[in-house]
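*Asks:* I'd like to ask some things about the structure below.
Derivation of every value follows stated rules applied to the coordinates shown; laboratory data play no part. Predicted model only: the values in this text are computed from it and were never measured. Note that each Cβ is placed from the backbone with ideal geometry, even for glycine, and that neighbours are counted across all protein chains shown.
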Amino acid sequence: MRTGALVAGSVTIALALSACGGGGDTPKTGESGGSGVSGFNAATKGIVNPSTKKGGTLKLVNQSDPDSWDPARAYYAYVWNLMKGYYVRTLVTNEAKPGEDGLKLVPDLAQAMPEISADGKTYTFKLKSGIKFEDGSPITSKDFKYGIERIFAQDVLSGGPTYLVDVLDQGQKYPGPYKDTDPNKLGLKSVETPDDSTIVFKLAEPLSDFIYLLAAPDASPIPQAKDTGDKYGEKPVSSGPYKFQSYDQGKKAVWVRNDQWDPKTDTVRAALPDQIEMTIGTAVEEIDNQLLSGEIDIDTAQTGVQQGAQPKILLDPEKKKNADTPNTGFIRYFSISTKVAPFDNIHCRKAVQYATDKITMQTARGGADAGGDVAYNMLPPNIAGHDDYDPYNTKSGKPQIDKAKEELAACGKPNGFDTVIATRNAGKEPKTAEALQAALKNVGINARLDPTEPSLYFRSTIGAPSNVAAKGYGLMMAGWGADFPTAYGFLSVLVDGRNILPSGNNNYAELNDPEINKLIDQAKAEKDPAKAAAIWTTINHKVMDAAVMVPFVYDKALNYRNPRVTNVFVTEYYGMYDFGSLGVS
């Protein structure tokens, strides 16, 4: 999933995780949900200030608007975390627990995990009774089917993941509900609703990762009568413990309790605060000041404080004990367009690989301690299939000027060339892009920066191939974490050439290699996780050999939590604090 403005988050695999920590300070009697942990990085090991106390207002902040509040369109990790915690429920969801337990999927609006046919092609769910939308109307199987059908309307609702389209269309070429000729607008054939409490998914081929697709927000129920198309994100209908009281774009979002939510149907969400407020549009340096002064509780971007605030935290024991540096599972990287000259020549792309100074880019993100480790291939270490493949010898992070100049000569540009770097105009990304710009200049590549508003960046700036061509974006800054805890959930969206979209495209390089596409199909069909991981290792190697992406950091983030916040822990599913569990003392 994408990094928001500029957000951290990911899912990881249980095999790569250490056990959840315990011990530490015990909250006051009457407020405790059990003993907790305390101190620096405590929220990466267990629960800080565990509590069951309800009430108060949780104060959140973000520099920028979300990409969308519409579950079909959102693709920022922090937005998925907010949705899951506050107003979106799905058939299954990840457990709200620290450590590897947080990777487990559990029933949410479904009574139980699905009944799966012997051939692995049919998934049947029964819904819980008493589940309702915020207006009191019952949530039925048809609401789930309609919500999934909306994803197919990419001409109206672009920007979100399209896994379910790929899996469920099966040659029907279903256009989405807005062009559906079915009188009930429920014409998708692969999803059946024999009654209001039963939903059946029929796959063309077995897909072991299918259950993860149903845990994402785009698989949530949507009431057809309340669907306003591309305006739905302005006031989505809640199925969770909170509903939107207001959303003033660029300024503030406010959630209040949803009185139609029945906690008896929900074993995941704590729903502790009476109200949640998220201020939008605050400058990043001011966000850090407000965090350290206690004016706000959590920065939902979860990309870490800026460089100026880092020593204020790390050198002050009282501040440091309220901070964490989780390994987010994200890779910070930039894509190289295969369609914008001269990068249609692989040697020009390799010149950039060698010229990049990953140390200066790492420094711009906070250094090894607060920014992450130097990255060298496009699978993060916590995803099965990662290995030490480093075809450009970049583990040191230092540029290789001579190699870069050799590749420039090989691509017919011995004196370099001009290009454009697309970047978001928020967080640490501008300084990171400036570090790249300076390194490229050392070999004669003159790169102009073109900063863009984060909420538009992935959908229509670098996510629209026509705009990439028109603007001449040779290099595009990005960050990515797994949509679910497999290599398929991390890499396929970025490199499958059959999924290049006119808007909301995620294959920014426009890589379309038939051999890679074939290997993706083989990996998806493989039931043995170890064998599937081995195929993804090969895919990763081929992607790196094509020189279409330059990973520079396996991400960490130095995040600060207000001492008054309760129930704080890092969810391994998103690589950030679990927003739906937070309360205030």
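*Asks:* What distance in nm lies between label points placed 7 Å from Cα along the C-beta direction at residue 249 and residue 534?
*Replies:* With each label placed 7 Å out from Cα toward Cβ, I get 5.1 nm.
*Asks:* Something else about it: Can you tell me what percent of all Cα-Cα pairs in the range 150-219 are more than 20 Å apart? Could you put the intermediate results ahead of the total?
*Replies:* On the way: 711 of 2415 pairs.
The answer is 29 percent, as a whole percent.
*Asks:* Pop out the ³J(HN,Hα) list for the range 218-231 in order, Karplus 6.51 cos²θ - 1.76 cosθ + 1.60 with θ = phi - 60°, rounded to Hz; leave Gly and Pro as x.
*Replies:* Here the 3J(HN,Hα) series is 5, 9, 7, x, 10, x, 4, 5, 9, 6, 10, x, 6, 9 Hz.
*Asks:* Among the lysines, select those whose C-alpha is under 27 Å from the C-alpha of residue 405, and discard any that sit fewer than 8 residues away in the same chain.
*Replies:* Within reach: 339, 350, 358, 395, 413, 431, 441, 471, 542.
*Asks:* Quick one: what are the phi-derived ³J(HN,Hα) couplings along the range 570-585, Karplus 6.51/-1.76/1.60 with θ = phi - 60°, whole Hz, x for glycine and proline?
*Replies:* Running phi through 6.51 cos²θ - 1.76 cosθ + 1.60 with θ = phi - 60° gives 7, 7, 5, 5, 10, x, 8, 4, 7, 4, x, 9, 6, x, 10, 7 Hz.
*Asks:* Compare the peptides 308-315, 67-74 by average per-residue count of other Cβ atoms within 10 angstrom and give them in order, highest first.
*Replies:* Values: 308-315: 15.9, 67-74: 26.4.
So the order, starting with the most tightly packed, is 67-74, 308-315.
*Asks:* Let me ask you something else. Mind ranking 237-250, 289-302, 181-194 by how tightly packed they are, going by the mean number of other C-beta atoms within 10 angstrom, highest first?
*Replies:* With the highest mean Cβ count within 10 Å placed first, the list reads 289-302, 237-250, 181-194.
*Asks:* Cβ neighbours within 10 Å, averaged per peptide: list 320-331, 165-176, 95-106 in order, most packed at the top. Can you show the working numbers first?
*Replies:* Details: 320-331: 24.4, 165-176: 16.1, 95-106: 19.4.
In descending order of packing, they fall as 320-331, 95-106, 165-176.
*Asks:* Could you compute the FRET efficiency for residue 448 and residue 189, with r as their C-beta to C-beta distance and R0 at 51 Å, rounded to 0.05? All intermediate terms of the calculation are to be shown ahead of the outcome.
*Replies:* Details: r = 49 Å, r/R0 = 0.96.
Computed FRET efficiency for residue 448 and residue 189: 0.55.
*Asks:* Based on alpha-carbon centroids, what's the gap between the range 291-344 and the range 368-421 in Å, whole number please?
*Replies:* Centre-to-centre (Cα) distance: 21 Å.
*Asks:* Once the piece of chain linking residue 225 and residue 179 is laid out straight, how much longer is it, given 0.36 nm per residue of separation minus the C-alpha distance between them?
*Replies:* On the way: separation 46, 0.36 × 46 = 16.56 nm, distance 1.58 nm.
Gain in length upon complete extension: 15.0 nm.
*Asks:* Then there is this: Charges at C-beta only: +1 for Lys and Arg, -1 for Asp and Glu. How large is the resulting dipole of the range 86-163 about its Cα centre, in Debye rounded to 20? List each step's numbers first, then the result.
*Replies:* Numbers: 10 positive and 11 negative charges, 37 e Å.
That gives a dipole near 180 debye.
*Asks:* Between beta-carbons, use under 14 Å as the cut-off and find the net charge around residue 298, counting Lys and Arg +1, Asp and Glu -1.
*Replies:* Working: positive: 59, 561, 564; negative: 277, 288, 295, 297, 299, 324, 578.
Once positives and negatives cancel, what remains is -4.
*Asks:* Next up: Between the range 118-153 and the range 37-63, how many Å separate their Cα centres?
*Replies:* Comparing the Cα centres of the range 118-153 and the range 37-63, I get a distance of 32 Å.
*Asks:* Another question, if that's okay. Pop a pseudo-label 7 angstrom from the Cα along the beta-carbon direction at both residue 54 and residue 415 and give the gap in nm to one decimal.
*Replies:* Taking the two extended label points, one gets 7.3 nm.
*Asks:* How big is the dipole moment of the chain about its Cα centre under a simple scheme where the beta carbon of each Lys and Arg is +1, that of each Asp and Glu is -1, and everything else is neutral? Debye, nearest 20, please.
*Replies:* On the way: 63 positive and 71 negative charges, 97 e Å.
For the chain, the charge dipole is close to 460 debye.
*Asks:* Explain nothing, just compute: Karplus ³J(HN,Hα) = 6.51 cos²θ - 1.76 cosθ + 1.60, θ = phi - 60°, for every residue of the range 318-334 in order, whole Hz, x for Gly and Pro.
*Replies:* 5, 7, 4, 5, 9, 10, 9, 10, x, 6, 7, x, 7, 10, 8, 8, 10
*Asks:* Checking the a/c ratio against 1.5 first, then a/b against b/c, what shape does the Cα gyration tensor give for the chain? Each step should come with its number before you reach the end.
*Replies:* On the way: a/c = 1.67, a/b = 1.18, b/c = 1.41.
The shape class here is oblate.
*Asks:* If R₀ is 45 angstrom, what is the calculated FRET efficiency for the pair residue 285 and residue 113, using the beta carbon separation as r and rounding to 0.05?
*Replies:* Numbers: r = 46 Å, r/R0 = 1.02.
Result of the calculation: an efficiency of 0.45.
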